[in-house]
Amino acid sequence: MIKINDIVKIYNPKKSNEFEALHGVTCEIADGEMVAIIGKSGAGKSTLLHILACIDNFQSGEYYIDDTLVKDLSEKKYAQIRNEKIGMVMQDFALVEDFTALENVMIPLNFSKQKIKDKKQKALEALKSVGIEELAKKPCSKLSGGQKQRVAIARAIVNEPSMVLADEPTGALDTKTSAEIMELFKKLNSQGRTIIIVTHDMNVAEQCGRIIEIGDGRII
Ligand SMILES: Nc1ncnc2c1ncn2[C@@H]1O[C@H](COP(=O)(O)OP(=O)(O)OP(=O)(O)O)[C@@H](O)[C@H]1O
Ligand SMILES: [Mg+2]
């Protein structure tokens, strides 16, 4: 379960270009939920998602993941939370183009002490669960948009996180591929993972169990 309470996010605090992107956001997401975050461009969707993913800080308010208060933790503790609890699918895939699909999925495992052989096996299983095991050895530069998105999802789930966060995962995909990727998220959700998807697409949002709308840095 995650819980945020009155979160305020200010970019460039105390500088001339200071900008308050979130003005006190409060919400709760239970384990196993599938939630869409929608809102106009610039509303603060990615900002909120990055805070939930523990890849950005915030100025005030509280964030709890399973009763752990996520604030001012050591870098090591943040890394541990990200590793164990959070899988993040970035807006533009954020894959290493020269790496193969398998190598990309192995990146989050590089920090763990497991044997290389076991890491490969784990990465292959993640690729299998997103349906592209046979593309393991292909460089990402040679994959289609939908295939890249699958690699990005495989990389997000390779550590078996309890929640998967995705920023516009269907934004760059055609309707058919987008439907396939949504099926994949629904499958991951049915396996018990919490899924949080930022989207502009109402069709995508309506496939989620709940919709949270953000407007101008506030929940509507
Ligand atoms: N690094 C940054 N520095 C300063 N301002 C920022 C930064 N990132 C985002 N902002 C501002 O914060 C506000 C919210 O941005 P955010 O990226 O969260 O919007 P969004 O809802 O994800 O929009 P989009 O749908 O276009 O992706 C915007 O006004 C944006 O200009
Ligand atoms: Mg965004």
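The values are calculated or read from the model by the stated rules, or taken from the named source; none is laboratory data. Since the model is a prediction, treat every value here as computed from it, not as a measurement. For neighbour counting, all protein chains shown are included, and Cβ atoms are generated from backbone atoms with ideal geometry for every residue, glycine included.
Elements of the type helices (runs of 4 or more DSSP H) sitting completely within the range 40-137 and holding at least 2 residues that are away from ligand 2 (no atom under 16 Å from the Cβ): these cover 75-85, 101-106, 116-129. Yes or no: Asn104 without any contact (Cβ under 8 Å) to a residue 60 or more places away in the chain and not acidic (Asp, Glu)? Spelling it out, Asn104 is indeed without any contact (Cβ under 8 Å) to a residue 60 or more places away in the chain and not acidic (Asp, Glu).
Against the list (1) in a loop (DSSP other than H, G, I, E, B); (2) more than 13 Å from ligand 2 (Cβ to nearest atom); (3) buried (at least 20 other Cβ atoms within 10 Å of the Cβ), the condition Ala36 fails is (1). Looking at the structure I just gave you, is Gly209 within 16 Å of ligand 2 (Cβ to nearest atom) and either closer than 20 Å to Gly39 by Cα or at pLDDT 95 or above (or both)? For Gly209, the condition - within 16 Å of ligand 2 (Cβ to nearest atom) and either closer than 20 Å to Gly39 by Cα or at pLDDT 95 or above (or both) - is not met. Filtered by the rule that a residue be at positive phi and loosely packed, with under 15 Cβ neighbours inside 10 Å, the range 52-93 gives Asp66, Asp67, Asp72. Among all positions in the range 3-10, there is at least one residue which is within 16 Å of ligand 2 (Cβ to nearest atom), in contact with a Phe, Trp or Tyr (Cβ under 7 Å, 6 or more places away or on another chain) and not aromatic (Phe, Trp, Tyr).
Screening the candidates Val70, Val96 for the property of being without any contact (Cβ under 8 Å) to a residue 60 or more places away in the chain, touching a helix residue (DSSP H, G or I) at 6+ places or on another chain (Cβ under 8 Å) and either closer than 24 Å to Gly32 by Cα or of a type in the set (Ser, Thr, Tyr) (or both) yields one hit, Val70.
Every condition in (1) surrounded by fewer than 21 Cβ atoms within 10 Å (Cβ to Cβ); (2) within 16 Å of Cys27 (Cα to Cα); (3) within 16 Å of ligand 1 (Cβ to nearest atom) holds for Val198 except the one numbered (1).
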